[in-house]
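Shown next, in structure tokens, is the structure this report addresses.
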Amino acid sequence: MPTAAPPTNTRQRPWLVPLLCLLAGGLLLGLSSNLAKLAGELELSPLAFLYWSISGAALILLLISALRGNLPPVNGRTLEYYLISAFVGVAGPNLIFFSAIPRIGAGFVALTIALPPLLTYAAALALRLERFQALRAAGVIAALAGTAVLAGHKLSAPDSDRFWVLLTLVGPVLLAVGNIYRTMRWPAGASADSLAPGTLVGAAFMLLGAGLLPGFSLAIPLEHHPALMLIGAQAVVFAGQFLLLFLLQKTGGPVLLSLLGSVGAVVAIPIAVFLQGEAPPDGLFAGAVLIAAGIALLSLGKARAG
């Protein structure tokens with residue numbers, strides 16, 4: 001990794017890098033949710049689409065790491081890290097989300113990814129990874145309240161598929177566990193851009209194992225060029241998304257990281273509504289305002305904390 005001193009502006013504004021990672025990573029997350037809906041329309045199974053996209057993203061990041069001479073470290077400690085963070089942060093929640101999108105819509109799934117902040121913040125306080133700060137606590141509560149407004153409307157809708165709505169809510173729990181785990185077990189001396197590809201490789205092997213089980217398949221319709229192009233696009237999005245996730249984990253901590261879903265929801269819903277023809281979720285304006293306020297309060301709290 002380069003050893004040159006960071007620019008003066010970065011030293012004076014330590015919150016700027018994590019904020020930019022948060023906004024860019026949330027943008028890619030919101031885009032990813034909508035690409036998954038397109039995959040369903042092209043008759044790509046959620047497992048196959050996720051496996052090939054994750055594998056492509058892992059290859060992209062491995063190539064970048066090799067060119068930089070910064071390949072993922074391989075030892076007992078890092079293998080544990082790759083496997084556990086792959087399950088709770090990549091394979092498990094994304095398989096749930098991608099399977100749910102064709103049934104309950106990309107907009108709502110994007111909203112549930114905004115749920116981890118309160119769980120992450122409570123766990124971070126309990127484990128003394130964060131010191132209590134009223135401003136940051138208010139930001140987390142505001143973001144969660146915005147998501148709760150939207151989720152409550154979805155659950156109360158008469159045509160709602162409640163099984164998939166409730167199953168989708170398991171995903172944010174896994175994400176919150178992943179946020180805490182990656183911080184607590186971050187291998188000493190390892191960089192974000194070396195751990196990201198290692199985790200994606202671990203996730204790809206897990207999904208490969210699932211694809212070999214009876215009743216599952218990783219087959220893709222090779223005769224459909226749009227399907228291959230969509231997998232390629234999702235692989236690029238995943239590569240950027242998970243690289244930014246690890247950078248944000250390192251520079252911003254687990255609580256700020258947990259707001260990726262909130263930013264993703266703000267991005268994903270307009271795309272789902274205006275480009276994919278989904279009905280706007282009830283309570284969209286109130287929810288979006290609360291989520292935006294939460295992000296602002298958390299960022300301001302981090303800036304004041306230095």
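The values are calculated or read from the model by the stated rules, or taken from the named source; none is laboratory data. Every value quoted in this text rests on a predicted model; they were computed, and no experiment measured them. Backbone-built Cβ (ideal geometry, glycine too); neighbour counts: all protein chains shown.
Summary of values
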quantity	calculated
Positions within region 37-70 being farther than 19 Å from V236 by Cα and loosely packed, with under 14 Cβ neighbours inside 10 Å, in sequence order	E41, E43, G69
Filter pass, L175 being touching a Pro at 6+ places or on another chain (Cβ under 7 Å), within 16 Å of F97 (Cα to Cα) and either modelled with pLDDT under 90 or buried (at least 18 other Cβ atoms within 10 Å of the Cβ) (or both)	yes
The lone exception for P280 - which of (1) outside any loop (DSSP other than H, G, I, E, B); (2) modelled with pLDDT under 75; (3) touching a helix residue (DSSP H, G or I) at 6+ places or on another chain (Cβ under 8 Å) it fails	(1)
Test set (1) touching a residue at least 12 places away in the same chain (Cβ under 8 Å); (2) out of contact with any Phe, Trp or Tyr (no Cβ under 8 Å at 6 or more places or on another chain); (3) not in a loop (DSSP other than H, G, I, E, B) - P221 fails condition number	(3)
Single unsatisfied condition, L150 versus (1) closer than 28 Å to Y82 by Cα; (2) at pLDDT below 80	(1)
Filter pass, G232 being out of contact with any strand residue (DSSP E or B) (no Cβ under 6 Å at 6 or more places or on another chain), within 22 Å of L42 (Cα to Cα), surrounded by fewer than 21 Cβ atoms within 10 Å (Cβ to Cβ) and touching a residue at least 12 places away in the same chain (Cβ under 8 Å)	yes
Considering residues of region 217-229 that are among the hydrophobic types (A, V, I, L, M, F, W, C) and exposed (fewer than 14 other Cβ atoms within 10 Å of the Cβ) only, the residue farthest from L95 (Cα to Cα)	L222
